[in-house]
Each structure stands twice: as structure tokens, then as C-alpha cells.
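A short write-up of the structure that comes next.
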Amino acid sequence: MGLLDGKRALVIGAASGIGRETAKLFAREGAKVAVADIDTSGAEATAAQISALGGGSCFVGVDVTKKASVSGAVDEVAGKLGGIDVLVVTPFVSTGMTVMEMTQSDWERQYAVMATGTLFAFQAVIPYMQKQGAGSLIATSSSHFGDYGSMTHPAMMPAYGSAKAAVELLVRSTATLHSPQGIRVNAVAPGFTVTQGSLNTLEEHGVKDMAMIEGMLGPGMPMGLGKPEDVAEGFLFLASDYSSYITGYSLPVDGGSLANAGGKLAP
Ligand SMILES: NC(=O)c1ccc[n+]([C@@H]2O[C@H](COP(=O)([O-])OP(=O)(O)OC[C@H]3O[C@@H](n4cnc5c(N)ncnc54)[C@H](O)[C@@H]3O)[C@@H](O)[C@H]2O)c1
């Protein structure tokens with residue numbers, strides 16, 4: 001028996017990293033999983049990996065920065081699965097520019113993918129969950145923003161950090177408004193996790209190999225660098241009925257980074 005038996009889940013951003021491992025874990029735990037991403041071939045590959053595990057899945061292309069694309073994908077998935085019980089939103093983009101380097105387009109791109117994309121996904125899925133009278137919406141924050149407003153984040157990533165702060169507050173206001181309808185709304189706040197996205201971001205800053213990454217970030221992380229599989233377990237908890245009275249929360253899944261000032265202040 002799986003923790004998500006009978007549930008229908010949509011994971012947006014599941015062509016890579018944390019989203020991909022979350023989709024696979026959900027399938028292993030019995031959910032029917034729809035995989036969505038702007039990278040359609042990556043989404044297809046995730047769906048194929050789920051099928052190889054014996055799970056039920058489908059995939060759809062989506063650009064979360066475009067409201068019509070999101071609502072179209074959500075309608076398609078709800079039609080295929082017969083509803084949506086769990087939504088996970090994980091798209092990522094970051095160029096790591098400092099305040100004085102920041103261009104308007106870079107600022108707006110990061111907001112569009114991570115903050116506005118989460119809003120569009122919530123807006124498209126909530127009507128289905130209202131009809132069902134139940135559901136779990138799960139956004140993705142960042143553990144530097146998960147400790148309830150302390151607002152510490154690497155200075156080299158002001159747009160990324162601001163977009164994650166927006167996600168945190170979107171989660172809380174959506175939870176306040178929609179939890180009375182049976183819709184729980186939470187976020188997972190990963191610490192540094194080894195994914196294609198995080199490696200690409202570090203590479204832009206000249207940090208290219210795992211030894212350098214370990215040296216730079218490892219000391220601030222009591223349990224070491226995260227793997228996408230570790231973070232997927234946080235999403236599983238918030239998707240499952242074992243979090244049935246938890247809403248408006250941001251769950252750090254960061255190997256103890258937040259417990260450690262070094263982790264908070266690491267670049
Ligand atoms: N990896 C980390 O260290 C870390 C730390 C804290 C928070 N996070 C958060 O976790 C989430 C997942 O990050 P990851 O490291 O797995 O990233 P990743 O780059 O490996 O995966 C992100 C996915 O988002 C997709 N995507 C990008 N733009 C999109 C768009 N417009 N529409 C739809 N999909 C789009 C990409 O194609 C990719 O498949 C992000 O929200 C990120 O901010 C990651």
C-alpha cells in the first residue's frame with residue numbers, strides 16, 4: 001500500500017532535478033502522475049521512467065510564464081486523470097546577478113518563472129479542487145527563505161531570493177483563503193541540492209566541480225549536500241494524508257542548513 005494510493009498528481013517542472021524525482025516518488029507511492037515542463041522531451045523522459053517503474057503517467061508541455069499555457073495544461077491533465085488531488089510546482093531559473101548587475105529582463109524572468117508561474121498554476125488548479133472539496137497545493141521555496149521571514153539569502157541572487165519570498169507569501173495567503181474549502185497550501189524549502197539547475201547556476205560563478213561545491217557549501221550543511229530524492233520526500237509528506245492538518249507552512253528539507261548560521265550565510 002502506498003502513501004498516495006488513489007491520488008492524482010500534477011508535477012510542473014518535472015523534466016529535471018527535484019520535480020523529476022518527486023514525480024517518480026509519487027508514482028512509486030501509488031499516485032497517477034502527470035508530468036509537465038517547458039522541456040517537453042525531458043517531461044516525456046520522466047514519464048517513461050515512471051512507466052518503467054510500473055506507474056501510471058502522462059506528460060504535457062507547459063510554459064508557466066503564460067497563463068493560457070498553464071490553464072490549458074491543467075485542463076488537459078484534469079481531463080486525463082479525472083481531477084487533480086495534488087499539485088507540485090518546481091520550475092527554476094536563476095542567473096545569479098547582483099543588484100547592480102541586474103537587468104529588468106532578468107529580474108522579470110525570474111519572477112515570471114518562479115512567482116507568477118506558481119500563481120498561474122494555483123489559479124488553474126484551485127477550481128478543480130474546489131469542486132472536489134479537497135486537494136494539496138505545494139510550491140517550492142528555498143530554505144534560506146523557509147525560516148519564517150528571516151529573509152537571509154545569498155547577495156548574489158536578489159531576484160531569485162525575492163521571487164522565493166513572493167512564493168512564501170503567496171502560499172500563506174492562498175492557504176488562508178482556500179483551506180476552509182479543504183485545499184491545503186504549503187511549500188517545500190530545499191537547501192542546496194545537486195541538480196542540473198543548481199550546478200548550472202554555480203558554473204556561471206566559476207564553481208565547476210563537486211569538490212569546489214563541497215568546500216564552499218558543505219560546511220554549512222550538517223547532513224551534507226542534498227539530493228533531489230531527499231527533497232522529494234518533503235513533497236511526499238505534504239501531498240499525503242499524513243499532513244492533513246498542515247497548511248500555510250514552508251517545510252525546510254535542507255539537512256539542517258537553517259539550524260546553522262553558516263548554512264544561512266553561505267554564498
Ligand atoms: N537545487 C537547489 O539547490 C535548490 C535549492 C533551493 C530551492 N530549489 C528550488 O527547487 C525547484 C527545482 O529546482 P531544481 O534544482 O530541480 O531545478 P532544475 O533546473 O533541475 O529543474 C527545473 C525545471 O524547471 C523547468 N522550467 C524552467 N522554466 C520553465 C517554465 N517557464 N515553464 C515550465 N517549466 C520550466 C526546467 O525545464 C526544468 O526541468 C526550484 O523552484 C528551485 O528554486 C532548488
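The values are calculated or read from the model by the stated rules, or taken from the named source; none is laboratory data. Not measured: the values here are computed from a predicted model. Virtual Cβ from ideal backbone geometry, glycine too; neighbours counted across all protein chains shown. Note: areas computed on protein heavy atoms with side chains; ligands, DNA, RNA excluded. Shrake-Rupley method; radii C 1.70, N 1.55, O 1.52, S 1.80 Å.
When each of Ala166, Ala232 is tested for being within 13 Å of the chain's Cα centre (by Cα), assigned to a helix (DSSP H, G or I) and touching a residue at least 24 places away in the same chain (Cβ under 8 Å), the lone residue that passes is Ala232. Going through (1) touching a residue at least 24 places away in the same chain (Cβ under 8 Å); (2) within 23 Å of Ile126 (Cβ to Cβ); (3) in contact with a strand residue (DSSP E or B) (Cβ under 9 Å, 6 or more places away or on another chain) one by one, Glu76 falls short only on (1). Looking at (1) within 16 Å of the ligand (Cβ to nearest atom); (2) closer than 20 Å to Phe235 by Cα; (3) assigned to a helix (DSSP H, G or I), which is the only condition Met129 fails? Exception for Met129: condition (1).
Mind checking which pairs have a first residue in the range 32-46 that is more than 20 Å from Lys66 (Cβ to Cβ) and a second that is in a loop (DSSP other than H, G, I, E, B) and near the ligand (Cβ under 9 Å from one of its atoms), Cβ under 7 Å, 6 or more apart or different chains? Between residues of the range 32-46 that are more than 20 Å from Lys66 (Cβ to Cβ) and residues that are in a loop (DSSP other than H, G, I, E, B) and near the ligand (Cβ under 9 Å from one of its atoms), the close pairs are Thr46/Ala14; Thr46/Ala15.
Which residue is surrounded by the most Cβ atoms within 10 Å (Cβ to Cβ), if the candidates are limited to the range 22-43 and must be among the charged types (D, E, K, R) and either within 12 Å of the ligand (Cβ to nearest atom) or within 18 Å of Val93 (Cβ to Cβ) (or both)?
For the range 22-43, the residue satisfying everything is Asp37.
Only one entry in Phe59, Phe122 is open to solvent by less than 20 Å² (accessible area, probe 1.4 Å) and among the aromatic types (Phe, Trp, Tyr), namely Phe122. All conditions but one from (1) more than 16 Å from the ligand (Cβ to nearest atom); (2) open to solvent by less than 60 Å² (accessible area, probe 1.4 Å); (3) small (Gly, Ala, Ser) apply to Ala163; the one that does not is (1). Scanning the range 62-95 for residues that are touching an Asp or Glu at 6+ places or on another chain (Cβ under 6 Å) and either under 22 Å from Val188 (Cβ atoms) or β-branched (Val, Ile, Thr) (or both) yields one hit, Thr95.
When the residues of the range 173-208 are filtered to those that are over 27 Å from Ala259 (Cα atoms), touching a residue at least 40 places away in the same chain (Cβ under 8 Å) and not charged (D, E, K, R), which remaining residue is nearest to the ligand (Cβ to nearest atom)? Ranking the candidates gives Thr174 first.
Of the numbered conditions (1) of a type in the set (S, T, N, Q); (2) within 15 Å of the ligand (Cβ to nearest atom); (3) modelled with pLDDT under 95, Thr90 fails exactly one; give the number of that condition. Condition not satisfied by Thr90: (3). Checking each residue in the range 2-22 for being within 14 Å of the chain's Cα centre (by Cα) and without any contact (Cβ under 8 Å) to a residue 60 or more places away in the chain picks out only Ala15. Checked against the criterion of being open to solvent by 60 Å² or more (accessible area, probe 1.4 Å) and in contact (Cβ under 8 Å) with a residue 12 or more places away in the chain, the range 81-91 contains not a single residue that satisfies it.
Of the helices (runs of 4 or more DSSP H) entirely within the range 39-110, those holding at least 2 residues that are within 20 Å of the chain's Cα centre (by Cα) and polar (S, T, N, Q) occupy 40-52, 67-81. Against the condition assigned to a strand (DSSP E or B), in contact with an Asp or Glu (Cβ under 7 Å, 6 or more places away or on another chain) and buried (at least 22 other Cβ atoms within 10 Å of the Cβ), how does Ala187 come out, does it pass? For Ala187, the condition - assigned to a strand (DSSP E or B), in contact with an Asp or Glu (Cβ under 7 Å, 6 or more places away or on another chain) and buried (at least 22 other Cβ atoms within 10 Å of the Cβ) - is met.
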